[in-house]
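The values are calculated or read from the model by the stated rules, or taken from the named source; none is laboratory data. A quick note: this is a predicted structure, and the numbers were derived from the prediction, not measured. Here the Cβ is made from the backbone with ideal geometry for all residues, glycine too, and neighbour counts use every protein chain on show. Note: accessible area is taken over every heavy atom of the protein model, side chains too, but ligands, DNA and RNA are not part of it. Shrake-Rupley method; radii C 1.70, N 1.55, O 1.52, S 1.80 Å.
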Amino acid sequence: MIAIIDYDAGNIRSVEKAFAFLGEAAVVTRDPKTIFGANGVVLPGVGAFGDAMGKLKAYGLDQVVKECVASNMPFLGICLGLQLLFAESEESPGVEGLHILEGRVLKIPSEQGLKVPHIGWNSLQFPFRGRLFESLQENPFVYFVHSYYLQAADAGIVTATADYGVQIHASVEKGNLFACQFHPEKSSDVGMQILRNFIKVVKG
């Protein structure tokens, strides 16, 4: 069973529906016992960095996430769920993130003549092919919705990048911790394969 962390962020139900489509049991919950009892955990989310951190802390879920990751439980952050794993974001100055990984979350510059937020399909490049991307073709297209992007401090954890005026660190992997800036649940067949690959990790 996969636990999808409920902290009042957007897009949680679409992630639940994607796992149901794949035949994988998933429960939306903020109960620590249920989360710790799961085989894998997903932290989805659409919204503002500061608001999201406030809600995680209010529910005591910031510590739950840290304990899950520390235990090497398979863990997947999606969109805002990726950004929250880092120390801070330009979106919410002075707000500390979960700080599980090192890096910066920066505003996509609008002076490139590109629309911000970045909404739509973009191709991925693989610096090295992490486990989420097994069996995918080169340069697959996935769906993004974001105004801020990751620059990870350690290039060795970056498994996918995308270009949108800047190079976006679009996915990271460290141990059993995975995160994607894009939305696999909205990325058609490619996204479903990414989620299947995560389920494969969960099932060992």
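Under a point-charge model restricted to the Cβ atoms of Lys and Arg (+1) and Asp and Glu (-1), what is the dipole moment magnitude of the stretch 81-204 relative to its Cα centre, in debye to the nearest 20?
Computed charge dipole of the stretch 81-204: roughly 420 debye.
Would you look at the GNM of the chain, springs on alpha carbons closer than 10 Å, and say which of 167, 137, 151 moves the most?
Sorting by GNM fluctuation, first place goes to 137.
May I ask you to work out the translational diffusion coefficient for the stretch 1-50 at 10 °C, viscosity 1.306 mPa s, via Stokes-Einstein with Rh from the Kirkwood sum over Cα pairs, reported in whole µm²/s?
144 µm²/s
Quickly work out the residue 8-to-residue 188 label distance, labels modelled 7 Å from Cα along the C-beta direction, and quote it in nm with one decimal.
My value for the distance between the label points is 3.7 nm.
Mind checking which helices in the chain clear 18 Å along their axis (Cα) and have mean Kyte-Doolittle hydropathy of -0.5 or more, DSSP H runs only?
Membrane-span-like by this criterion, though nothing is claimed about a membrane: 188-203.
Over the chain, with the other protein chains present, what is the accessible area per residue in square angstrom, probe 1.4 angstrom?
Spelled out: the 1.4 Å probe surface of the chain, per residue, equals 42 Å².
Return the FRET efficiency for the residue pair residue 36, residue 203: r is the Cβ-Cβ distance, R0 is 22 Å, and the value is rounded to the nearest 0.05.
0.80
Hey, if we sort 123, 135 by accessible area with the 1.4 Å probe, largest down, what's the order?
135, 123
Using 7 Å Cα-to-Cβ label points, what is the residue 167/residue 96 separation (nm, one decimal)?
Placing both labels 7 Å along Cα→Cβ, they lie 3.1 nm apart.
Report the Stokes-Einstein translational diffusion coefficient (µm² s⁻¹, integer) for the stretch 74-179, Rh taken as the Kirkwood radius over Cα pairs, at 10 °C with viscosity 1.306 mPa s.
Translational D for this selection: 113 µm²/s.
Among residues other than residue 102 whose Cβ falls under 12 Å from its Cβ, what is the net charge (Lys/Arg +1, Asp/Glu -1)?
Surrounding charge for residue 102 is 0.
Along its three principal axes, how long is the chain when you only count alpha carbons? Whole Å, largest extent first please.
Here the spans come out as 47, 40, 29 Å, largest first.
Which percent of the Cα-Cα distances in the stretch 1-94 go past 15 Å?
Percent of Cα pairs beyond 15 Å in the stretch 1-94: 56.
Just to verify a number: what accessible area does residue 116 come out at with the full protein assembly present, 1.4 Å probe, Å² rounded to tens?
50 Å²
Cα centroids of the stretch 98-160 and the stretch 1-67: how far apart, whole angstrom?
Spelled out, the Cα-based centre of one part sits 21 Å from the other.
Which of these, 111, 96, 67, has the largest mean-square fluctuation under a Gaussian network model of the chain (Cα springs below 10 Å)?
111
Under a straight-distance cross-link criterion of Cα-Cα below 18 Å, which aspartates and glutamates are reachable from residue 200, leaving out those fewer than 8 residues away in the same chain?
Here the aspartates and glutamates satisfying the reach criterion relative to residue 200 are 16, 24, 134, 173, 185, 189.
First compute the accessible area of the stretch 105-204 with a 1.4 Å probe, then give the percent of it belonging to carbon and sulfur atoms.
49 percent
Near residue 203, which lysines are there with a Cα under 22 Å away, not counting those fewer than 8 places off in the same chain?
17, 33, 66, 174
Of the candidates 126, 75, 144, which one comes out as most mobile in a Gaussian network treatment of the chain with C-alpha springs shorter than 10 Å?
Looking only at 126, 75, 144, the biggest GNM fluctuation is shown by 126.
With unit charges on the beta carbons (Lys and Arg positive, Asp and Glu negative) and the dipole taken about the Cα centre of the stretch 35-95, which residue among 63, 93, 80 sits farthest to the positive side?
Farthest along the dipole direction, towards plus: 63.
How large is the charge dipole for the stretch 20-121, taken about the Cα centre, if only the Cβ atoms of Lys, Arg (+1) and Asp, Glu (-1) carry charge, to the nearest 20 debye?
In debye, rounded to 20, the stretch 20-121 gives about 180.
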